Amino acid sequence: AELGELPFLKWRVAIVGPRIAGIDAALADLMLAADREPRVAVENAVGAVGILYTSGTTGAPKGILAHNYEPFLKPLIEACGVGPGEVMMTCMPLFHGSGLLVFGTGSIRLDAKLALAEGFSASNFWADCRRYNAVASNLFGVMIPYLMKQLERPDDRDNPLRVALSLGCPATEWSDFEHRFDVVIREFYGATDASGFLLKDMAGEDIVTA
C-alpha cells in the first residue's frame with residue numbers, strides 16, 4: 001500500500017539499518033531505551049479476559065466468559081498460605097480452573113514457584129511434594145480418600161505440605177487426614193465462574209465468603 005493509503009499510520013520503524021529519511025525510528029535505537037514497566041493501569045477489563053470450560057459434571061461443558069476473576073480468586077489464593085519463593089504444586093491440568101487460575105495465576109500473584117505434577121497418583125503424591133518442596137497443593141473429590149487408603153508409613157507426617165486446598169473432602173476423612181499427614185485442609189465451594197464463593201476450615205468456620 002502507498003503511504004497515502006494508510007491515514008492512521010503514525011510511526012514507521014526500520015527493523016534493519018539506521019533511521020533514514022521518512023523513518024521515525026530505528027529498532028536498534030528503541031532497544032537502547034531504559035527498561036521499565038509500561039504506564040498502563042486498567043481497573044476494569046473492557047472485554048472478556050478469558051473463557052474457561054466447566055467440567056461437565058451435570059451436563060455438557062459450558063464456556064464461562066470471565067470479565068474479572070479477581071474477587072473470586074483472591075480468597076483461594078490467600079488461603080494457600082504461600083510466601084514469596086515458596087512452591088505450590090498442582091496435579092490438575094491447565095485447562096482446569098484450579099490448576100490454571102488458583103495455582104497458575106496464584107503463584108504469580110504470590111511471587112511463588114509453581115510445580116506441575118504429571119498427574120495425580122496416590123502412590124506418588126507425597127514423593128512429588130517432597131521432590132518439589134511444595135507447601136500447598138489442591139486435592140479434589142476422591143483424591144483424599146485415595147491417599148488415606150495408602151499403607152501408613154512412619155514418615156507420613158514428614159512432608160513439606162502445609163495446606164491442601166480441597167473441594168469435596170468427605171467429612172469422615174477430614175480430621176484423620178490432617179492428623180496423619182500434618183496438613184491443614186481448606187475446603188472451598190464454588191464453580192468455574194465463582195470459585196471462591198465459600199471457604200471453610202476444619203472447625204467449620206467460614207474463612208471468607210465472597
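The values are calculated or read from the model by the stated rules, or taken from the named source; none is laboratory data. Keep in mind it's a predicted model, so treat the numbers as computed, not measured. Counting neighbours? That spans all protein chains shown, and the Cβs are built from the backbone with ideal geometry, glycine included. To get the accessible areas, we keep the full protein, side chains included, count just its heavy atoms, and leave off ligands, DNA and RNA. Shrake-Rupley method; radii C 1.70, N 1.55, O 1.52, S 1.80 Å.
Restricting Gly83, Gly56 to those that are closer than 30 Å to Arg130 by Cα and small (Gly, Ala, Ser) reduces the list to Gly83.
Right, Ala134: open to solvent by less than 20 Å² (accessible area, probe 1.4 Å) and modelled with pLDDT of 95 or more or not? Here the answer is yes, as Ala134 does meet what is asked. Residue count for the range 93-109, restricted to those that are modelled with pLDDT under 90 and either touching a Gly at 6+ places or on another chain (Cβ under 7 Å) or among the small types (Gly, Ala, Ser) (or both): 5. For the range 50-67, a residue qualifies if it is in contact with a Gly (Cβ under 9 Å, 6 or more places away or on another chain) and at pLDDT below 75, and the qualifying residues are Ser55, His67.
All conditions in (1) surrounded by fewer than 16 Cβ atoms within 10 Å (Cβ to Cβ); (2) assigned to a strand (DSSP E or B) hold for Arg186, with the sole exception of (1).
Among the residues of the range 64-73, not a single one is in contact (Cβ under 8 Å) with a residue 12 or more places away in the chain and on the phi > 0 side of the Ramachandran plot. Residues in the range 141-160 that are of a type in the set (A, V, I, L, M) and loosely packed, with under 10 Cβ neighbours inside 10 Å: Leu151 alone. Are any residues in the range 161-173 of a type in the set (Val, Ile, Thr) and either open to solvent by less than 60 Å² (accessible area, probe 1.4 Å) or part of a loop (DSSP other than H, G, I, E, B) (or both), and if so, which ones? Result: Val163, single match.
When you look at Ala112, is it open to solvent by less than 10 Å² (accessible area, probe 1.4 Å) and modelled with pLDDT of 95 or more, yes or no? When the stated conditions are applied, Ala112 does not pass them.
Restricting attention to the range 74-92 and to residues that are in contact with a helix residue (DSSP H, G or I) (Cβ under 7 Å, 6 or more places away or on another chain) and under 17 Å from Phe140 (Cα atoms), the residue that is modelled with the lowest pLDDT turns out to be Leu76.
Condition check: assigned to a helix (DSSP H, G or I) and either on the phi < 0 side of the Ramachandran plot or touching a helix residue (DSSP H, G or I) at 6+ places or on another chain (Cβ under 9 Å) (or both). Does Glu178 satisfy that? Considered against the rule, which asks whether it is assigned to a helix (DSSP H, G or I) and either on the phi < 0 side of the Ramachandran plot or touching a helix residue (DSSP H, G or I) at 6+ places or on another chain (Cβ under 9 Å) (or both), Glu178 comes out as yes. Return yes or no: is Asp128 open to solvent by 80 Å² or more (accessible area, probe 1.4 Å) and modelled with pLDDT of 95 or more? So Asp128 does not fit the description; no.
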